[in-house]
Amino acid sequence: GSAFKNTYYDDFLNAFLNEGGNNVQVVIEGESGSGKSHLVQWMNFHIPQNDKRLILTIPKTQTNLYSVLKKIISYLPSEEQTKYQEKLRRTESGLKNNKERINEFLSSLARTIERDVPQGEQKDEEEYLIPLIPNLFDDPYFREYFFNFEKDGREHEIIKNIISLIFENSGINRNSDHRQEFKQKHLPLNPKEAINAAQPTQEVLEAIQEEELLQISLDIINRNLDKAITRTLSFSPDDLIELMSEIRSTLFKNDQELILLIEDFAQLQGIDSALLQVLTVEGSGELCKLKWAMAVTSGYFEKLEDTVRTRITFKVNMDSPKDSDKYILQLGSRYLNAIRLGNQKIKDWYSSTSKNIINNCDECIHKDICHKSFGEIDNIGLYPFNKIALLQMAKKADKQKNMIFRPSTKNFCKIHTKR
């Protein structure tokens with residue numbers, strides 16, 4: 001086998017592909033930089049393509065909720081795509097710039113909150129606040145001068161992040177164990193600005209000067225945030241559930257299985273809850289077999305619904321307690337080899353049938369003296385570094401964890417199997 005073969009990964013992939021049952025559900029968890037998304041990419045590269053499976057991947061780069069939904073819709077037969085495309089087309093044609101997008105999102109948030117109902121131990125306070133809070137987001141002055149992050153160089157963090165999440169780059173949630181949510185700093189609490197607001201808006205601003213009512217207001221806003229995001233997209237959670245069910249039904253008729261690979265689940269805020277609901281539905285009757293794997297931070301996994309966490313087939317923990325110096329050096333040497341090979345040689349290898357990666361040192365006339373002077377790992381030279389230099393760089397690259405090295409592309413994984 002190849003010198004770069006990783007038996008941990010191979011054993012996991014074999015278990016994933018050969019596990020029985022109609023649903024195989026995998027969560028790959030770990031801290032930022034532990035290699036979660038790399039493992040998902042590795043799975044996508046190594047899962048054999050055949051007529052009996054459809055592999056749907058959602059990358060962590062160059063994506064947004066709008067493009068994710070378009071991609072999922074494309075997996076339906078063309079004649080069945082129309083009704084879903086029409087929903088997204090309304091969003092595409094009507095929201096061509098950020099000002100329009102901001103206004104649409106603020107309206108969606110206001111209308112979603114209006115439909116909320118009081119709950120919990122503070123029903124009386126919520127009954128008072130729910131009709132008032134939408135005025136914050138409907139107020140023309142605040143729309144123009146507070147929430148508009150493009151106005152006069154203003155920087156409204158959460159509005160900008162949510163517009164990016166929906167339309168531009170969902171990477172703002174990347175490797176996060178926290179969802180986008182409103183905080184005190186995101187509301188117009190400055191009394192000087194309040195005098196420019198409409199009378200109904202001034203009433204809610206006065207109310208949330210009280211700390212308890214402010215916190216209750218934030219709770220109300222944040223529990224309606226996901227619905228507001230999907231409303232902005234003109235694509236409801238029920239639409240997504242129906243779409244995924246139709247895809248699975250179509251694949252069932254074609255005697256195919258669906259493999260869904262998500263490189264960073266946190267980036268799907270707004271459609272993540274509905275997607276989880278679909279993913280945990282057993283394939284039976286007229287739904288195809290489903291195998292999915294998603295990368296999440298450890299904190300995000302702990303916050304998943306119990307019904308999801310208890311149905312997991314495998315949980316892959318990418319946070320290794322202590323990795324050896326040898327492993328760090330192996331990782332560094334492979335990066336150096338990739339740099340020496342260059343893009344074209346790597347592309348040629350990728351297109352070939354060979355599983356063995358070329359070692360550029362084998363063709364180098366300076367190999368013997370170079371390896372003797374700078375050192376080598378698995379016959380790959382460490383030039384222009386040596387072992388001490390690489391280990392020192394590794395230590396400085398991960399200042400938060402003194403005894404843990406987290407390479408960005410590979411790590412040992414511990415596989416926990418639910419039986």
Condition check for PHE252: of a type in the set (A, V, I, L, M, F, W, C) and either assigned to a helix (DSSP H, G or I) or at pLDDT below 90 (or both): yes
One residue from SER32, SER74 being open to solvent by 10 Å² or more (accessible area, probe 1.4 Å), modelled with pLDDT under 90 and within 27 Å of LEU165 (Cα to Cα): SER32
Segment 36-54 residues that are within 19 Å of MET318 (Cα to Cα), paired with ones that are modelled with pLDDT of 90 or more and of a type in the set (Lys, Arg) (beta carbon under 8 Å, 6 or more apart): none
Residue tally, condition open to solvent by 20 Å² or more (accessible area, probe 1.4 Å), within 21 Å of LEU233 (Cβ to Cβ) and not hydroxyl-bearing (Ser, Thr, Tyr), over segment 172-204: 5
Filter result for ALA389 (at pLDDT below 90, of a type in the set (A, V, I, L, M) and in a helix (DSSP H, G or I)): no
Total residues in segment 235-284, condition open to solvent by 40 Å² or more (accessible area, probe 1.4 Å), of a type in the set (Ser, Thr, Tyr) and either farther than 27 Å from TRP42 by Cα or over 16 Å from the mean Cα position of the chain (by Cα) (or both): 3
Single match in LEU65, LEU88 (criterion: open to solvent by less than 40 Å² (accessible area, probe 1.4 Å), modelled with pLDDT under 90, out of contact with any strand residue (DSSP E or B) (no Cβ under 8 Å at 6 or more places or on another chain) and closer than 26 Å to LYS291 by Cβ): LEU65
Evaluation of ILE166 against (1) loosely packed, with under 13 Cβ neighbours inside 10 Å; (2) closer than 21 Å to TYR300 by Cβ (one fails), failing number: (1)
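Residue by residue, here is whether (1) of a type in the set (Lys, Arg); (2) crowded, with 19+ Cβ neighbours inside 10 Å holds:
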site: ILE162; (1), (2): no, yes
site: ALA207; (1), (2): no, no
site: LEU225; (1), (2): no, yes
site: ARG231; (1), (2): yes, yes
Selection from segment 350-362 of residues that are surrounded by fewer than 11 Cβ atoms within 10 Å (Cβ to Cβ) and modelled with pLDDT of 90 or more: ASP362
Criterion violated by TYR145 - all others in (1) open to solvent by less than 60 Å² (accessible area, probe 1.4 Å); (2) at pLDDT below 95 satisfied: (1)
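The values are calculated or read from the model by the stated rules, or taken from the named source; none is laboratory data. Fair warning: this is a prediction, and the values are worked out from it, not measured in the lab. Note that each Cβ is placed from the backbone with ideal geometry, even for glycine, and that neighbours are counted across all protein chains shown. Accessible surface areas use protein heavy atoms only, side chains included; no ligands, DNA or RNA. Shrake-Rupley method; radii C 1.70, N 1.55, O 1.52, S 1.80 Å.
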